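The values are calculated or read from the model by the stated rules, or taken from the named source; none is laboratory data. Computed from a prediction, not measured in an experiment: that's the story for all the values here. Backbone-built Cβ (ideal geometry, glycine too); neighbour counts: all protein chains shown. To get the accessible areas, we keep the full protein, side chains included, count just its heavy atoms, and leave off ligands, DNA and RNA. Shrake-Rupley method; radii C 1.70, N 1.55, O 1.52, S 1.80 Å.
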Amino acid sequence: MVTDENELLKPAEVAAMLHVANVTLSRWRQNNTGPKYFRISYNRVLYRASDVNKWLSGKGM
């Protein structure tokens, strides 16, 4: 888990945290099954650390 709840994370950082491939994280975004994210441009996605932590808590990890 990330301690700074306001930190913005790149997809590669989140994938590494969750021990999944970047393509898996991308698939989760397409299926709306992963952590909440926001798109800041056409090809730029960021995750808020608090959303990743919340998602992890809900998964029992």
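Things worth noting here:
- VAL52 vs. criteria in a helix (DSSP H, G or I), hydrophobic (A, V, I, L, M, F, W, C) and surrounded by 16 or more Cβ atoms within 10 Å (Cβ to Cβ): yes
- Each residue in the range 16-33 was checked for being in contact (Cβ under 8 Å) with a residue 24 or more places away in the chain and over 17 Å from GLU5 (Cα atoms), and 0 pass.
- Exactly one residue out of ASN31, ASN22, ASN6 is modelled with pLDDT under 95, of a type in the set (S, T, N, Q) and open to solvent by 70 Å² or more (accessible area, probe 1.4 Å), and it is ASN6.
- Being of a type outside the set (S, T, N, Q) and out of contact with any strand residue (DSSP E or B) (no Cβ under 6 Å at 6 or more places or on another chain) is a property that holds for ARG44.
- Residues located in the range 34-49, provided they are open to solvent by 90 Å² or more (accessible area, probe 1.4 Å), under 21 Å from ASN6 (Cα atoms) and part of a loop (DSSP other than H, G, I, E, B): LYS36
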